[in-house]
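Engineer: After the structure tokens below, expect a handful of questions from me.
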Amino acid sequence: MISIKNYLLNSKWLIAALFILLFIGYTYHNKIFSIHFVDEEDNFILGKYLLEDQKLYSDLFSHHQPMGYIISAGYQSVTQPDNIYMLIKRHREFMIAWSFLWCALLLWKFRNKIILPLITFEITKFYLLGNLFLSESLAVYPVLYLTLLLFDNEIKPKKYEYVFTGFLMGLSGLLLAPIWPFLVGYLILLFWLKKIKIKECFYLIGGGLVPVILSLPFIDIYYYFHNVFYINFKYYIPQSGEEKLPMSLIKSFLSPVTSLINDGRINSSGFALKIIAVFFFVSIGFLIKAKKYRLFIAALVLLTLSNIRYFAPGLQYYAGFHILVWYALFITIAFYFYQDLIESLKTKYLKMILIAILLFGISAIIYSSKDLFSKNDIAHDYYVNYSEQFAYGEVIKGMKNEGDTLFVVPDEWLLYYQADIENNSKMVNFYGWMSLVWELNGYVTESFKTNPPTFFYCNCSEDYVYSYSPDYYQMVRDGSKTSLWIRSDKFKNLTESQKNKIRFFHFSTE
């Protein structure tokens with residue numbers, strides 16, 4: 001039983017950790033417009049159309065899980081952003097709050113041993129876009145909670161915790177399909193390590209059904225299975241170029257070794273990974289020496305399954321965000337069990353050496369993450385990353401009338417938001433691989449025949465536009481052709497007021 005003195009000491013460390021995490025959150029606010037990423041904007045725009053009573057998968061094509069869109073829709077209904085600036089700002093602020101609240105919950109539940117893993121993850125997640133409103137960024141904290149619940153031998157879950165565990169499994173699964181193998185492995189390990197009884201299974205199932213039931217009003221069940229399973233496995237995955245089983249499983253298992261020896265990615269996150277990898281192997285060695293074989297197996301299984309859609313450790317930003325969940329687990333395993341090693345030592349001299357090594361490693365990681373603490377010009381970041389879409393969106397808004405529609409190729413999603421315009425078909429965007437899927441390409445082809453979009457934004461060649469319809473006029477800005485096309489009949493009938501609005505943004509009306 002913990003003494004009052006130790007409890008007060010632990011509480012001081014937890015409070016200190018919360019203040020550090022608050023400061024880290026403040027630094028992320030300074031980076032609020034520093035990155036423009038279309039995967040994040042996918043959540044925003046489909047969330048917007050969900051609020052207009054369209055359904056996922058039938059009215060709005062997606063081959064991803066629904067919960068990111070649903071959370072965005074709920075948040076937009078509360079905050080009601082009315083332009084790109086506020087849309088991005090509010091969602092990035094949501095992620096700061098989401099991260100802090102989850103960190104507070106993890107600290108409350110798992111106490112001091114999670115302090116260093118959380119701080120290490122929070123100061124380095126920037127390099128894997130962990131501050132953006134992405135399914136990976138949303139799912140990583142529930143996954144950490146589940147994992148720590150499994151690792152903590154002293155915790156025998158109560159009834160409500162089984163319900164919460166099931167809820168988190170359901171939430172994570174509806175945020176991110178690539179972690180489904182992780183969740184299956186987790187469930188098996190949960191039975192193995194926690195000795196779950198039949199009655200407790202019902203609590204797990206009941207909790208897991210909650211996010212499923214909450215998502216049902218927003219999705220079309222038939223098209224959900226069609227898009228997420230049939231389209232993905234038949235078309236997207238074969239064309240994605242990703243590593244296939246069983247090689248992806250083998251490479252994922254070897255990811256800790258790759259993190260340590262790969263000299264080809266000496267960047268900020270790659271440097272941090274090498275330090276973390278050293279602690280990871282020390283921790284794994286401790287589990288073996290201490291004969292904690294069940295925890296050893298659980299750690300390796302969960303880590304391997306979290307990167308089964310294999311991405312190489314050390315990739316950063318747009319190339320590396322898919323590995324975010326694996327990265328968080330890697331940090332957690334490395335430092336969580338390293339602290340167990342320190343506590344297991346009887347001699348203070350060896351403890352002090354290991355603590356000094358730990359502090360040195362954390363300091364090196366913090367130094368490698370100095371980009372996070374550099375001062376950004378927020379106004380400049382917004383101008384660089386979003387002013388172009390704002391201008392095009394305002395031009396479309398200035399020209400549109402009721403009933404006008406927009407189609408975007410491939411993925412300038414924010415035009416829909418700034419223009420506040422209807423999507424022309426269920427294909428709210430259109431990537432190259434989609435043109436090779438007859439039914440997806442058919443939606444677009446048919447819409448151009450029967451109800452062509454009023455506006456067509458196409459970051460592509462002129463031939464591509466004319467392959468759908470020759471009856472479009474290419475807008476000109478500052479004497480140069482742009483990616484924005486407008487139906488010729490619409491352009492010829494612009495009012496003088498509409499022409500003045502687009503001239504303001506240097507677009508030609510001739």
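Engineer: Among the residues of segment 386-405, how many are under 26 Å from G432 (Cα atoms), of a type outside the set (S, T, N, Q) and surrounded by fewer than 22 Cβ atoms within 10 Å (Cβ to Cβ)? Don't jump to the end; show me each part of the working.
Structural biologist: The initial filter retains those residues of segment 386-405 that are under 26 Å from G432 (Cα atoms), namely 386-393, 396, 404-405.
Applying the additional criterion that residues be of a type outside the set (S, T, N, Q) yields 386, 388, 390-393, 396, 404.
Filter again for surrounded by fewer than 22 Cβ atoms within 10 Å (Cβ to Cβ), leaving 386, 388, 390-391, 404.
Matching residues across segment 386-405 total 5.
Engineer: Step by step: first the residues of segment 80-117, then only those that are of a type in the set (S, T, N, Q) and more than 20 Å from S135 (Cα to Cα), then the one that is modelled with the lowest pLDDT. Which residue is that? Even if it seems obvious, please write down each step before you answer.
Structural biologist: Going residue by residue through segment 80-117, those that are of a type in the set (S, T, N, Q) are 80, 83, 99, 112.
Now drop any that are not more than 20 Å from S135 (Cα to Cα), which leaves 80, 83, 112.
Working: Q80: 95, N83: 92, N112: 86.
Selected residue: N112.
Engineer: Only one residue in D463, D478, D489, D471 is of a type in the set (D, E, K, R), surrounded by fewer than 17 Cβ atoms within 10 Å (Cβ to Cβ) and in contact (Cβ under 8 Å) with a residue 24 or more places away in the chain, so which one is that?
Structural biologist: On the way: D463 fails: in contact (Cβ under 8 Å) with a residue 24 or more places away in the chain; D489 fails: in contact (Cβ under 8 Å) with a residue 24 or more places away in the chain; D471 fails: in contact (Cβ under 8 Å) with a residue 24 or more places away in the chain.
Every option except D478 fails the conditions.
Engineer: Tell me which residues, restricted to segment 260-311, are at pLDDT below 90, within 21 Å of L359 (Cβ to Cβ) and not aromatic (F, W, Y).
Structural biologist: Matches in segment 260-311: L260, S268, S269, A272.
Engineer: Follow-up question, since we're still on this one. Would it be correct to say that Y69 is surrounded by 23 or more Cβ atoms within 10 Å (Cβ to Cβ) and hydroxyl-bearing (S, T, Y)? I'd like the intermediate steps shown before the answer.
Structural biologist: Numbers: surrounded by 23 or more Cβ atoms within 10 Å (Cβ to Cβ): yes; hydroxyl-bearing (S, T, Y): yes.
Against the criterion (surrounded by 23 or more Cβ atoms within 10 Å (Cβ to Cβ) and hydroxyl-bearing (S, T, Y)), Y69 qualifies.
Engineer: Within the set of pairs 6 or more residues apart or between chains, which connect a residue that is crowded, with 16+ Cβ neighbours inside 10 Å inside segment 18-32 to a residue that is acidic (D, E) with Cβ atoms less than 7 Å apart?
Structural biologist: Listed pairs, sorted by first residue: L21/E122; I24/E122.
Engineer: Just to be sure, is L116 of a type outside the set (D, E, K, R) and more than 27 Å from T79 (Cβ to Cβ)? Before the answer, list the steps.
Structural biologist: Values: of a type outside the set (D, E, K, R): yes; more than 27 Å from T79 (Cβ to Cβ): yes.
For L116, the condition - of a type outside the set (D, E, K, R) and more than 27 Å from T79 (Cβ to Cβ) - is met.
Engineer: Still on this structure, I have one more. Any residue in segment 138-153 that is at pLDDT below 95, over 23 Å from Q316 (Cβ atoms) and not in a helix (DSSP H, G or I)?
Structural biologist: Yes, because at least one residue in segment 138-153 is at pLDDT below 95, over 23 Å from Q316 (Cβ atoms) and not in a helix (DSSP H, G or I).
Engineer: Does L101 fit the bill of being surrounded by fewer than 24 Cβ atoms within 10 Å (Cβ to Cβ), without any contact (Cβ under 8 Å) to a residue 12 or more places away in the chain and farther than 20 Å from A334 by Cβ? Steps first, answer last, please.
Structural biologist: Details: surrounded by fewer than 24 Cβ atoms within 10 Å (Cβ to Cβ): yes; without any contact (Cβ under 8 Å) to a residue 12 or more places away in the chain: yes; farther than 20 Å from A334 by Cβ: yes.
Yes: the conditions hold for L101.
Engineer: Could you say whether any residue in segment 150-173 is aliphatic (A, V, I, L, M), buried (at least 20 other Cβ atoms within 10 Å of the Cβ) and more than 19 Å from L105 (Cβ to Cβ)?
Structural biologist: No; the residues of segment 150-173 include none that is aliphatic (A, V, I, L, M), buried (at least 20 other Cβ atoms within 10 Å of the Cβ) and more than 19 Å from L105 (Cβ to Cβ).
Engineer: Right, another one. Looking at segment 395-475, what helices (runs of 4 or more DSSP H) fall wholly within it and have at least 2 residues that are touching a strand residue (DSSP E or B) at 6+ places or on another chain (Cβ under 8 Å) and modelled with pLDDT of 95 or more?
Structural biologist: Fully inside segment 395-475 and qualifying: 414-419.
Engineer: Only one of these is more than 24 Å from R90 (Cα to Cα) and over 32 Å from the mean Cα position of the chain (by Cα): G432, G479, G442. Name it. Reasoning before the result, please.
Structural biologist: Working: G432 fails: over 32 Å from the mean Cα position of the chain (by Cα); G442 fails: over 32 Å from the mean Cα position of the chain (by Cα).
Among G432, G479, G442, only G479 is more than 24 Å from R90 (Cα to Cα) and over 32 Å from the mean Cα position of the chain (by Cα).
Engineer: Let me ask you something else. List the helices (runs of 4 or more DSSP H) inside segment 162-254, counting only whole elements, that have at least 3 residues being at pLDDT 95 or above. Can you show your working first?
Structural biologist: Details: elements: 180-194, 198-215, 221-225, 237-240, 247-253.
By residue number, 180-194, 198-215, 221-225.
Engineer: With the checklist (1) surrounded by 20 or more Cβ atoms within 10 Å (Cβ to Cβ); (2) out of contact with any Ser or Thr (no Cβ under 9 Å at 6 or more places or on another chain) in hand, flag the one item V78 doesn't pass.
Structural biologist: Of everything listed in (1) surrounded by 20 or more Cβ atoms within 10 Å (Cβ to Cβ); (2) out of contact with any Ser or Thr (no Cβ under 9 Å at 6 or more places or on another chain), V78 misses just condition (1).
The values are calculated or read from the model by the stated rules, or taken from the named source; none is laboratory data. In this text the structure is predicted, and so the values were computed from the model without any measurement. Heads up, the Cβs are rebuilt from the backbone with ideal geometry, glycines too, and the neighbour counts pull from every protein chain shown.
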